[in-house]
Amino acid sequence: MADTPPDPQPPPITVVLPDGQEVTGRLQERQQVPGAWLYKVAVPAWQNTPSGAVEPAWYVVWVHAPDHVKPVPGVSYDDVPTTRLPPPTAEQQILGERRPSGWVLQKLGGGRGPGRGVIHTVDCEEAPAGAPKLTLNQALDAAEHPGSRLCSLCSAAAEIDPVLQGFEHGFGGPENDSGEPS
């Protein structure tokens, strides 16, 4: 896409092309994405005009930093428009990275229908590749079938078993916190 860099001219930056060549471009914008930074750079190029002439133009593209850009010594990038990710919430700081939601059913015995199976979280190392993702209700239905069990290697058992048990323990159910009947 041929664009002219906005005025005033953005600061120069060295752009590393896929074949390793380096050209001086203009840094127009920076954007933080999860785990990386993207830089919007304008690189000088040539374009054909409707009359058949060739004229200078700017090719504008987003590239990963620092893989495809290098700062020019002595140049300040303080005034480049920069979009940062919002800071993590208190919940994210406390809990850390969350696993993807959902569960999968690993069928055992090769049969169709409810039969024997193991329910895994979608990111469990033992989960079958390409198995359809189950919602909570589907995982609960599958867990209630005789011959099904919850994987204890991943968090499937810790997540689904309390729902199957109804959360009674410690909340005024058949036993109080001491284990004695209420």
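Quick notes
- Of the GluC sites (Glu not before Pro) found in segment 42-148, those that fall in a DSSP loop while having at most 16 other beta-carbon atoms within 10 Å are GLU97, GLU125, GLU126, GLU144.
- Taken over the C-alpha atoms, segment 1-73 has Rg and Dmax values of 13.2, 46 angstrom.
- Of the chymotrypsin sites (Phe, Trp or Tyr not before Pro) in segment 1-104, those whose Cβ has at most 15 other Cβ within 10 Å and which sit in DSSP loop: TYR77
- Normalised by residue number, the volume inside the convex hull of the Cα atoms of segment 53-160 is 263 Å³ per residue.
No lab work stands behind these numbers, since they all come straight from the coordinates. Owing to the predicted nature of the structure, the values given are computational and were not obtained by experimental measurement. Virtual Cβ from ideal backbone geometry, glycine too; neighbours counted across all protein chains shown.
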